Each structure stands twice: as C-alpha cells, then as structure tokens.
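Throughout, read-outs are computed from the coordinates displayed, never taken from laboratory work. Small disclaimer: the values here were computed from a predicted structure and weren't measured. Backbone-built Cβ (ideal geometry, glycine too); neighbour counts: all protein chains shown.
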Number of protein chains: 2
Amino acid sequence: MNLAVIGTSKIAQKLTSTFLTFPDMQVNAVYSRTKEKGKEFASVFSCTKVYTDLEDMVNDKEIDLVYIASPNALHVAQSKICLQHGKHVFCEKPIAFSRDELDSLIALAKQNHCFFQEAMTVTYMPNFSILKQAIQDKHPHLLTCDLSQYSIQYDALKQGEISNVFAKQMKGGALYDLGVYCLHFVYGILGYPKAMTKYDVRYTNGIDTSGVIVMQYEQCNAIISYGKDSKGSAHTRIQCEEGYYDMEGACSRLRTIVFHDEQGTHALGTETKENHHWYEVDAFLKMIQKNNHAFQQQQWEQSLAVCQLLEELQEKGDKTV
Amino acid sequence: MNLAVIGTSKIAQKLTSTFLTFPDMQVNAVYSRTKEKGKEFASVFSCTKVYTDLEDMVNDKEIDLVYIASPNALHVAQSKICLQHGKHVFCEKPIAFSRDELDSLIALAKQNHCFFQEAMTVTYMPNFSILKQAIQDKHPHLLTCDLSQYSIQYDALKQGEISNVFAKQMKGGALYDLGVYCLHFVYGILGYPKAMTKYDVRYTNGIDTSGVIVMQYEQCNAIISYGKDSKGSAHTRIQCEEGYYDMEGACSRLRTIVFHDEQGTHALGTETKENHHWYEVDAFLKMIQKNNHAFQQQQWEQSLAVCQLLEELQEKGDKTV
C-alpha cells in the first residue's frame, strides 16, 4: 500500500515510521507547503515525490491512503479533497469541529468507498477495553482525567512567537491539542454527558493554554483538565463505591491500570507496546484489509460524539471569566 | 481554664483530648441532648457535670470556653447563646452558612469580649504558610484539591438509615463535612475567586454525597472535589509554569509538600505533629492568653470569606443536573 503524508512535523514523522512497521507499506509521497521541508521529510522516509500542491497529490493514482498531520484548521478541507479523490484517510485529531462537518465527510467517504479514521490513540489501547469491562459492575461517582503537558512552544508564546499550536486561525489551543484525548476517553467510558461546562485559561491572543471541563452524569461528575502552560504529571482516576482505578500518565497512552479496594492493590492492565500509536494504525490497516464496515461505523459513532461535544463546548459550554 | 464540650461524637472526643494536652486545661462540663451519652463522655474525661439543657450550661460561671461539636445545623444558635453568656467559643466547621450569620456572631463576640474561632485545621498547619510563601513568585494555572473519604455512614444510607452527616435538616452532606476544608485551602492560597460553580452528586434524600466546585481566577482554575460516596485517595496539586507542588493526603492535614521541577524533586514541608488538630487548638488558646485581637481579626476574615463562598454556592453556584 502506498501512503502519502500531509505535513512534516514531529508527530507526522512518528506516525509515518509507525505505518512503516507494517508489511507492504511504503511512503509514496509527502505534501508540504514548503518544498524544503517536504524534501527533508522525503529523504528520511525514502520517498521521491514531494508535492506542494494538494490537488496534484490527490490526483496521483499511485497513492492508496493519506495520513493528514497538518494544523488543525486544515483537517476538514484536506480530508474532503482526499476522500473526493478516493483515498483512504487517516486524519489527526480533531477529525472535525462539529457533528455536521464530520457527517459530511463520512458521506463523502461512503460515496467514494474510502475508509476514514481519526488518529486517536485512546480507544484502541488494549487497556481501554479492559478498563471499560472492569467498571461495568461498579458505581462511579467521580472521574478525573488530567492531561497536562508543558509545551516549549509556551515559552516561545511568552516571547511573542505564536506557533501553530497556539494560533487561533490554525485552531490551535490546549483543548484541540490535548483535551480532545480526554473527551474521547470520558465519552468512551461514560457515554454522552447530561451537561457540561468548560473553563479556559486564555493567553492574551485569546488562545486557550489550559482548561477544565466538567461533564455531568447521573450520579457521577467527570472532570477533565488539560494544559500546555504548567508543569504537571498526567493521570486519570475513576472513583467508585467499590474502590478506585488509577491510570498514571496520559489517558492517550493508558499504560497501566491499578485498582485499589479494601483487599489491596490490583494491577489490571495488560502489557502495551512502547509505541502507543501502533494500535490506532493497526486498527486502520486491518479495517481496510478486512473491509470492516461495522468497525468503521463504530469508530465514526465515537468520533461523531466527540465532534458534537466540541461543538457544544464552543457554542454554550464556556464559562471562562 | 475550664472547657465545656457540646457534643459527644468521635471528633468531640478527639478535640477534647487535644485540648487536654495543653497546660491548665480541664474538662469542666459536657452538654448532650442524651443524658447517657453525656455521662459516658464525662467518665472518659473525668468531669462531673453533664448538662442536657444548654441554658443551664451557659449560665455555669465556672466555664471559660466552649467547644461546639454538634451537628452543623446547630452551630450558629449554640455559638450565639455561648457568646451571649461571655464564653470563648471554638466551633466546628462550618462556623456559619452565610456572611451575615457570621457577622452577627462576630458582633456578639466583640460585645461580650469573647474569642471565637472556627475549628479549621488547614490554615494553622505549619506547611500551609510554607506553601503560601513558596508559590508567591510562581505562576499557577491549575490547582486541584481532592478530599474524598468514603464513609461507612454511606453504607448505612444505602440501607435507609440517614445519619446526621447525611441529613438535610442537620445541614449534613459532603460540602459541609469535607468540601469546606478545600474552600478554606483554596481561599487561603488564591483568595476570593472571580466566579465559581458547584456540581453535586445527590442521594435520593437530596443530600450531596459528593461534589465538584470549579473556582475561577485570573489565569488559573481551581478544582475542588470531595466525597463520602466513593473510595479514593485525597491529594492536592498546584501546577505552575515553573513546576508543580504535590501534597499527598487531605489538605486538612498537609503533611508533606513536594515540589517538582526540571531540577528534580524537592521536599519543602516541615515535620508536623501526628495530631493535626493540635495546631488549631494551640492557635485558639494562644490567642486567648495573649489577648491577640489582630490574629482574631485575621481568622474572622478567612472564615467570613468561606461563609460567603458557601452562601454564594447555595444561592447561584449550583449546576447540578
């Protein structure tokens, strides 16, 4: 299978090399607005084609699938053109910013017989299913999911340099960069909330550098916190009447699950690969190979729900002072 | 000095024995609605007088100070009658439920030349001042303060037995029992918030068995969570641009402070007494001995602010679904 990559960032490189660990996978082309960056990327991954015009790239018949790792604001338009030209698309999160946006893209994918997946680690991690199964018979009353990761770009921001990740017009900000993982996690575990509220910390350019979202469920509060502006140590906890589950580190990696109850401490998780991106790529490629539309539908439902959450938060969930 | 105690609960016993570790301190009397409970308490603390009529007790000229450890709903009325009769009062938290209520009690205390302190561990812990000093030059963007303590009374509640701590008419519930510590902590560190919202988890009798409060500050969110309905492990964290402070265990005890930054891990806290109640009692007795009105005023300002927070949360901060 021939992969084309849109974008040349660190995450683009990381995922591209993950794709290459699978059999019969070649990097066929790269697209970048900057020829030089494209060439550099191409030399690392031994591909010869560097596109600076996306129209040209999507008309390249050799390309089977496209991985989109561009700034957030470009995801929807680029997914659209790729799907219109019959390419399978693996798009970085957030896949879209409203339910309608994603619905239109899904319609296009169906029409053009393409598979179309959000690059979202959370729900593909083996420990996610284990956790979901484990809490089935528990009574949770509090879920806290923190994904704080200080960004060196924040240092730059304070010096007046606005990188894509903190640029409003690129749909940067902590929610779309980090919070979206937490939304996938909480929705995946507890479903759609009855209500929710978002509290941003915003920089002078208006971008959210950190934030808190409270999601309200019947008999349970879920608190999401995420940020690029403070040092911290990501962790997730689910507190139930029966005991509590601790997941150290980012919910996007879900390396370990420890359950604490009156009997003591129980390790529940299974061993996971060092490269946590392996699972989402594996799911995508298997889905294509097996022509698994049922699995695709299930993924879409998860992504549609999270897009709806993002949309609701934009429209009326904001209580930032 | 002659101490009288209102209430005979476990916390009443704990604080009474703490008072007795100070020189020249005797338990002179106990008040309980139930004669038998009063007698039992009296026998433990070697006092002879057991009152079942509060009017009688406050007219007892031998009594210098009263420790009030009754159900929350009785705090204000009992403080009032004690102060009116010229007794110094050490009252369990919450000392009152609105700013006006506490203001009236303070007026009474002044009029009758009494000292009047809320039994609130947080701000008297030696580590509290250390922490407050340490974050002076930092830039916090997220504070999380969790005080989850599963209660065996919650098991009883599920069996249909409503104890005082879960009784609406006794002003029970998780906020007044546990959340109030977190409010004192956050107000003590960050001051009065620009806005705040409360999210309750309520039992069928309407009582809050757990809750979340988001307090919004300029460039910082503070999240308080507290609960008696789920297992957990209390902890507090303050995330700053420069690093983060971890305080394991309840903020009411503040045993340790660890600061994490790029240089590593730094223990900041000082050793604290095993009995964390010692500090508040020490502060109260020293204040009386030294006739320290400046210190009293400072305490009142802290308690008034927290009463105002409680009042605001009752009136308009509630977003429970």
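In the assembly of identical copies, B:GLN26 has its label point, taken 7 Å from Cα in the direction of the beta carbon, separated from the corresponding points by 9.8 nm (ascending, one decimal). Counting Cβ atoms of other protein chains within 10 Å of each residue's Cβ and taking the mean over peptide B:235-244 gives 5.
Annotated for the range A:39-187: lysine pairs at least 8 residues apart or interchain, Cα distance under 23 Å, count 20. Once C-alpha pairs closer than 8 Å and six or more residues apart are averaged by separation and normalised to the residue number of the range B:2-119, the relative contact order reads 23 percent.
If you plug the beta carbon distance of B:LYS14 and A:ASP261 into 1/(1 + (r/R0)^6) with R0 = 25 Å, you get a FRET efficiency near 0.40. Qualifying GluC sites (Glu not before Pro) in the range A:33-119, where qualification requires a DSSP coil assignment and no more than 13 other C-beta atoms within 10 Å, comprise A:GLU62. Dipole check for the range B:157-311: with +1 at the C-beta of Lys and Arg, -1 at the C-beta of Asp and Glu, and the Cα centre as origin, the magnitude is about 620 Debye. Only Cα pairs under 8 Å and 6+ residues apart enter the sum, and on that basis the relative contact order of the range B:123-276 stands at 30 percent.
Going from the residue with the fewest nearby Cβ atoms within 10 Å to the one with the most, B:HIS266, A:HIS184 rank B:HIS266, A:HIS184. Across all directions, the average flat footprint of the convex hull enclosing the Cα atoms of the range B:123-276 is 9.7 nm². If you take all other residues with their beta carbon under 15 Å from the beta carbon of B:ALA267, and give Lys and Arg +1 and Asp and Glu -1, the sum is -3.
Tell me the trypsin sites (Lys or Arg not before Pro) within the range B:278-321 that lie in a loop according to DSSP and have at most 16 other beta-carbon atoms within 10 Å. Within the range B:278-321, the qualifying trypsin sites (Lys or Arg not before Pro) (loop, at most 16 other Cβ atoms within 10 Å) are B:LYS290, B:LYS316. Within 10 Å of the Cβ of each residue in B:198-205, the mean number of Cβ atoms contributed by other protein chains is 3.
Spin-label pair B:SER104-A:LEU268: with each label point 7 Å from Cα along the Cα-Cβ axis, the two points sit 5.0 nm from one another. Among beta bridges identified by DSSP and lying wholly in the protein assembly as shown, the antiparallel ones come to about 55 percent. Taking the Cα centre of the range A:2-116 as reference, the dipole from Cβ charges on Lys and Arg (+1) and Asp and Glu (-1) amounts to some 240 debye. The aspartates and glutamates within cross-link reach of A:LYS290, meaning a Cα-to-Cα straight distance under 14 Å and a gap of 8 or more places when in the same chain, are A:ASP282. Shielding by partners for peptide B:283-296, expressed as the average number of C-beta atoms from other protein chains within 10 Å of each residue's C-beta, is 0. Check every DSSP H run in chain B and write down those whose alpha carbon atoms cover 24 angstrom or more along the long axis and whose mean Kyte-Doolittle hydropathy is -1.0 or greater. Taking the DSSP H segments of chain B (at least 24 Å long, mean hydropathy at least -1.0), we get B:293-315.
Inter-copy label distances at A:LYS286, using a point 7 Å along Cα-to-Cβ, come to 6.4 nm with the shortest given first.
The trypsin sites (Lys or Arg not before Pro) found in the range A:184-224 that occupy coil by DSSP, while having at most 13 further C-beta atoms within 10 Å, are A:LYS194.
Label-point distances for A:ASP100 to the equivalent site in the other copies, using a point 7 angstrom along Cα→C-beta, read 4.8 nm when ranked shortest first. Rg over Rh for the protein assembly as shown works out to 1.07, using Cα positions for both radii and the Kirkwood form for Rh. The residues neighbouring B:CYS240, those whose beta-carbon lies less than 13 Å from its own, together hold a net charge of -4 under the Lys/Arg +1, Asp/Glu -1 convention. Normalised by the number of residues in chain B, the mean separation of alpha-carbon contacts (under 8 Å, six or more apart) gives a relative contact order of 18 percent. With contributions of -39500 (n - 2.57) from each DSSP H run of at least four residues, the per-residue ellipticity at 222 nm computed over the protein assembly as shown stands at -10500 deg cm²/dmol. In terms of overall dimensions, chain A has a Cα radius of gyration and Dmax of 19.7, 62 angstrom.
Counting charges near A:ILE224 (Lys, Arg +1; Asp, Glu -1) among other residues having Cβ under 11 Å from its Cβ returns a value of 0. In terms of surrounding Cβ atoms within a 10 Å radius of their Cβ, B:MET25, A:MET120 rank from fewest to most as B:MET25, A:MET120.
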